[in-house]
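Colleague: Let me give you the structure first, and then I'll get to my questions.
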Amino acid sequence: MYAFLLSILIATSCKKDNDFLNKSGNSMVTTGINAAAALTSSKIYFVSPSGNDSSNGLSSASAWKTIAKVNATELSPGDVVLFQGGQTFNGRLYIRSSGSAGFNIKFSSYGNGRATINGGSGTAVYAYNCAYISIDSLIVAGSWNATTQLGNDNYGVLFYNDLAGGVKLGEVAVNRCEVKGFAKSGIGVLSWPADGSQSGYSKVSVVGNTVHDNGSCGITTLGPSPAAGSTAYAFNTVYVGYNRVYNNFGVKASTGKHSGNGILIGDAAAGTVEYNVAYNNGWYNTSTAGGPAAIWCYDSKNLIFQYNEAHHNGTGPGTPDGDGFDLDGGAVNCIMQYNYSHDNYGAGFLVWEYGNARIKNSGNIIRYNISQNDNTNNNNTVYGGISMGPNCNNNLVYNNTFWSVKGSSVFVTGGTGNKFYNNIFATQGTAPCIVSTNGSFFMNNNYYNASGFRVRFAGSTYTALANFRNTGNEKYNAVAKGYNVNPLLTSPGTAGNVNTGNPNVITQYIPLTGSAMINTGFNLTTLGLNVGTKDFRKGSIPFGGGYDIGACEWR
């Protein structure tokens, strides 16, 4: 995101995929009923099109009829509201009551299939200044149409905290839902107090949803822009896992506001984003100030992105980005590991700083990822398998495999203290393997140009590894490092789509027997780094006589 405008993101959302969790989604979550039973005062309410709002709602035989009746009822901690599966309920579900720790108020389905909440022209499920709420096993639908750019101009599921004074509400969760047809976001968790404080939620959980055919975003958390140096974050911890997010194309009228993101995490103090698939998002973005990415974060710290796949994401004509993954402005001490990016319009992995974050992008680790055929727009001056921008400092990039068909594997356009170790940089065209400004350090990487060695560093082009070493790169304690050989991988460039939520099964980037990548990785633990215990394919490292170069160990 070359320029970051916070206002552009107020419209983001997400959803989950039942297939990833091997759940049918055809019945209510029994744990919700068991939890309710733990409170003698809690109740289970049923809602059916054949019901009657004058009934007590306490059984399927005495069910309520409408969402309006649910909205008019003061719910208590542990209460469960169940909508009849396979049926459609028109209207806006407005949640104004909070549960309590261990006793969420739950909204789900009963009977066969999932019930549909049709939001019409409004936000379909809206929880305002309340928490300990679970939305589970529902279809949440709106009328937004990406082709006509008409229809529902709101959110699918929205949690919103605008309490003054930095108030942290409790847990909110969206599980096993399908969310579709909203111009702003499928699933949004937002904090926007008038006093600019970091009010928010203690825990956000978004698991197993399918979120598709929305506008600005699939899934998002969004908080206010804090003052420089602020240490308060709106969301204490965020978990986004096992979701399928696709065809969130963007809102064409969002000029100046990037649109069409998949999963976007903002203002989080900690969390994990894992086992998600995000594809075919972003293609209707019209902003030239900044563009979308499939899975990314801004103004957050201590996030872990792992085991995700991002592919065939894009942006509109003449607009930037369309990236797979992104650690953007204010991202600090985050880890991007074991992810698979391929066939995205922009960078596979972007590291960027938009300039007015509370703290500059720094201290992030990008390791054991694979980028295949990213930069499909063939912009050889901006994007690569990984692109790192100005004011991004002291980031580590090691043991990744970047397989570029059209452009370069690496673009670094600024920053200091960024280090690249044990990576495979493979470029099949005539572009340099890497293009980097001074201030970055490369050591023990393999450079493979099908057309011959070519690296551009600090404005000069080098056509031999030995000459590149004269810049101070590819040396350690005056000992020459690095390789310029065919890495001899199993079948690089052919991995294709996985789409299962577990991309780490691909075998195309395992070194073949005899590869110079085997056991020649620099032991980064000697530099004081904790490199983890596994490679891209979840195998233990090191295997055999030492660490390998690239994302996959030979075994």
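Rule-based calculations on the coordinates, nothing more; no lab input. No experiment lies behind these values; they were computed from the predicted model shown. Cβ coordinates were reconstructed from backbone atoms using ideal geometry, including for glycine residues, and neighbour counts include every protein chain displayed.
Colleague: Cross-link partners among lysines for residue 257, C-alpha distance below 17 Å, same-chain residues fewer than 8 apart left out?
Modeller: 184
Colleague: Next question. Which value, in debye to the nearest 20, gives the size of the charge dipole of the stretch 294-428 about its Cα centre, when Lys and Arg are +1 and Asp and Glu are -1 at the Cβ?
Modeller: Its charge dipole is roughly 380 debye.
Colleague: Taking K and R as +1 and D and E as -1, what net charge do the other residues with C-beta under 12 Å from the C-beta of residue 551 add up to?
Modeller: Taking every other residue near residue 551 into account, the sum is +1.
Colleague: Next question, about the same structure. Taking the Cβ of residue 44 as the center, what net charge do the other residues with Cβ under 11 Å away carry, scoring Lys and Arg +1 and Asp and Glu -1?
Modeller: Charge balance in the 11 Å sphere: +1.
Colleague: Just need the Rg to Rh number for the stretch 278-361, please, alpha carbons only, Kirkwood Rh. Kindly include the intermediate steps, with their values, before the conclusion.
Modeller: Working: Rg = 12.4 Å, Rh = 12.7 Å.
Across the stretch 278-361, the Cα-based Rg/Rh ratio is 0.97.
Colleague: Sticking with this one: Per the helix-only calculation at 222 nm, which mean residue ellipticity applies to the chain, given -39500 (n - 2.57) for every DSSP H run of n ≥ 4 and division by its residues, nearest 500 deg cm²/dmol?
Modeller: That calculation yields -1000 deg cm²/dmol at 222 nm.
Colleague: With +1 on each Lys and Arg Cβ and -1 on each Asp and Glu Cβ, how big is the dipole of the stretch 166-280 about its Cα centre, in debye rounded to the nearest 20?
Modeller: Dipole about the Cα centre, nearest 20: 200 debye.
Colleague: Given that compact globular proteins tend to follow 2.2 N^0.38 Å, what is the ratio of the alpha-carbon Rg of the stretch 211-368 to that value?
Modeller: 0.93
Colleague: OK, next. Count the net charge of all other residues whose Cβ sits under 10 Å from the Cβ of residue 231, scoring Lys and Arg as +1 and Asp and Glu as -1.
Modeller: Its environment carries a net charge of +2.
Colleague: Calculate the length of the line joining the C-alpha centroid of the stretch 174-245 to that of the stretch 283-351, in whole Å.
Modeller: 16 Å
Colleague: Calculate, in whole percent, how much of the Cα-Cα pair population of the stretch 319-366 lies beyond 13 Å.
Modeller: The answer is 57 percent, as a whole percent.
Colleague: Is the C-alpha gyration tensor of the stretch 264-318 telling us rounded, prolate or oblate? Criteria: a/c under 1.5 is rounded; beyond that, a/b larger than b/c is prolate, otherwise oblate.
Modeller: Details: a/c = 4.09, a/b = 1.51, b/c = 2.71.
It is oblate, given that a/c is not under 1.5 and a/b is not larger than b/c.
Colleague: For residue 412, enumerate residues with amide H under 5 Å from its amide H, sequence gap 5+ or separate chain, H modeled in the peptide plane.
Modeller: When sequence neighbours closer than 5 places are left aside, the close amide H contacts are 388, 435, 436, 437.
Colleague: Binned at 10 Å from 0, what are the whole-percent values of the Cα-Cα distance distribution for the chain, short to long?
Modeller: Pairs per bin, as whole percents: 4, 19, 28, 23, 15, 8, 3, 1, 0.
Colleague: For the stretch 231-267, which trypsin sites (Lys or Arg not before Pro) are both in a DSSP coil and crowded by at most 16 other Cβ atoms within 10 Å? Present the calculation step by step, with values, prior to reporting the outcome.
Modeller: On the way: sites: 244, 252, 257; in loops: 252, 257.
When the trypsin sites (Lys or Arg not before Pro) of the stretch 231-267 are filtered for loop state and at most 16 Cβ neighbours within 10 Å, 252 remain.
Colleague: Quick check on the stretch 158-223: take the gyration tensor over C-alpha atoms, sort the square-rooted eigenvalues as a ≥ b ≥ c, and tell me if it's rounded (a/c under 1.5), prolate or oblate.
Modeller: oblate
Colleague: Continuing with this model, one more query. In µm²/s, what is D for the stretch 337-425 at 4 °C and 1.567 mPa s, where D = kT/(6 pi eta Rh) by Stokes-Einstein and Rh is the Kirkwood radius from Cα pairs?
Modeller: 101 µm²/s
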